[in-house]
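Chemist: The structure's right below; bear with me while I get my questions together.
What follows draws every value from the coordinates through simple rules; no lab data is involved. On a predicted model such as this, the values are computed, not experimentally measured, just so you know. Here the Cβ positions follow ideal geometry from the backbone for every residue, glycine too, while neighbour counts run over all protein chains shown.
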Amino acid sequence: MKITNLRVENFRNYASLNLPLQNAVNIIYGNNAQGKTNFLEAIYYAAFGIPARTRNEDELVRFTADSFCSEVKFKNSYTENKITVKRWQQLNRWKKEIFLNDKKISAKEHYGLLNIVLFAPDDLQIVKGEPGLRRKFLDMEIAQTNKYYYELLVKYNKILAQRNKFLKNARDTEVTDEEQLKVWDEELSSVAAEIVVIRLKVLKSISQISAEIYSKITEEKEVFSVDYLLKTAQDSKIENNLQEKGEFKEFYLKEMEKRRVLDTLRGYTSIGPHRDDLLIKVDANNLRSFGSQGQQRSGALALKLAELEFIKENKEEYPVLLLDDVMSELDGNRRKQLLTFINGKVQTFLTVNDKELVKYLPDSKYFYVENGKISEE
Ligand code: ATP
Ligand code: MG
């Protein structure tokens, strides 16, 4: 996939921008706080309809403005399309609309049209941070290539919220409608099972690809691996026994039963795919607890580059790669490894302070950013 134009209005510190893009490698450089990351964020927002580095969409609108939009034209081997995401304030409420070639579409139709992989310094947190970040990494990766999975997640979260509400109510009133709870258990475990089966399948492929990439990056004999950590009533275990949807459903029904009293006391569902995790290891050691800074960085990079390959396998096209400020953090070998990836085959947007760090890349173009304005070189 290749982005051929970016247009934004009132997005972060950009008042307006309309920029044709022709090259495989696009280097966005300039001083701190000028709008380099904001540029990548605009692309990300047009692709996913959610902000890249905040939960709060309201932060995206330019100070003093009351509407904003981000629009990309992009092409794959077959067609060229245009996505527009607009958000505006009306009577103090925010509204949002998404368009494909000027025709309104839903968030569900939007997600995954334009595939993007973003690698930013924060992504080290995939290795180091909370389980939720690893789940998000895996979920976004799958949902980008699998609409059905996207729908499963939406469905799961809805049922989960309803079940939690039910549990809170049971706690507060000290009355539990057992029949109703069974209905929620049934529905939740059924969707949970589907989610986990898909996650396991995808993780197998991600684990394999990222292990290969890791050994290339580090040029060492260390073995990188990623396992699925399934939350159970007692603890967590690496999942390698259950396989079929039916088996997982049974598993979840039993586990929810075991946790019924505790969950009612707490007023939430303490088991399910929303509590699972990934165990990232180098040799026998958990990278999160025992990895060196450099190993953790290589691990995060390997996972992200594996995402590129995974999307290519599933969509027959490489996604667009956004690299925010990563060059300065990588040592020579890792930088070289990264550059061989972006060498022409993957359209890449990368930000740097110092453009000397990225020289002699084929089919490349430099964009200088200053105070929300871009000039081409
Ligand atoms: P660095 O090299 O430090 O990463 P950068 O060029 O990536 O810098 P950005 O994060 O893209 O910088 O832009 C930061 C600038 O954008 C800051 O000056 C900030 O005040 C401004 N900014 C952020 N959000 C908004 C907004 N909603 N409206 C206007 N300006 C904003
Ligand atoms: Mg930045």
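Chemist: What does the helix-only formula give at 222 nm for the chain: each DSSP H stretch with n ≥ 4 adding -39500 (n - 2.57), the total divided by the residues, and the result rounded to the nearest 500 deg cm²/dmol?
Modeler: Working: 11 runs with 163 residues, N = 377.
Rounded to the nearest 500, it is -14000 deg cm²/dmol.
Chemist: Related question: Along Cα→Cβ, 7 Å out, is where each label goes; now give me the distance between the ones at Lys204 and Lys103 in nm to one decimal.
Modeler: Computed distance between label sites Lys204 and Lys103 equals 3.8 nm.
Chemist: Calculate, for Ser77 and Thr340, the FRET efficiency according to 1/(1 + (r/R0)^6) with r their C-beta to C-beta distance and R0 30 Å; round to the nearest 0.05.
Modeler: Once rounded, the FRET efficiency stands at 0.85.
Chemist: Shifting gears a bit: I'd like to compare 77-87, 43-53: which one has the highest average count of other Cβ atoms within 10 Å, and what's the full order after that?
Modeler: 43-53, 77-87
Chemist: While we're looking at this one, here's another question. Say each of Glu244 and Asn285 gets a label point 7 Å from the Cα, pointing the same way as Cα to Cβ; how far apart are those two points in nm?
Modeler: 4.2 nm
Chemist: Straight-line reach only, C-alpha to C-alpha below 25 angstrom: list the lysines that Lys355 could link to, leaving out same-chain residues fewer than 8 apart.
Modeler: In chain and number order, the partners are Lys2, Lys36, Lys304, Lys336, Lys345, Lys365, Lys373.
Chemist: Next question, about the same structure. With +1 on each Lys and Arg Cβ and -1 on each Asp and Glu Cβ, and nothing else charged, work out how big the dipole of the stretch 126-315 is about its Cα centre, in Debye to the nearest 20.
Modeler: About 460 debye.
Chemist: Which of the trypsin sites (Lys or Arg not before Pro) across the stretch 219-275 are loop residues per DSSP, with 13 or fewer other Cβ within 10 Å? Spell out each step's value before the answer.
Modeler: Values: sites: Lys221, Lys231, Lys237, Lys245, Lys249, Lys254, Lys258, Arg259, Arg260, Arg266, Arg275; in loops: Lys221, Arg259.
Answer in residue order: Lys221.
Chemist: Something else: Can you tell which of Ser292, Ser189, Ser270 shows the greatest fluctuation in a Gaussian network model of the chain with Cα springs below 10 Å?
Modeler: Most flexible of the set in this elastic network: Ser292.
Chemist: Right, another one. Can you tell me the FRET efficiency between Gln293 and Asp235 if r is taken as the Cβ-Cβ distance and R0 is 25 Å, rounded to the nearest 0.05?
Modeler: 0.30
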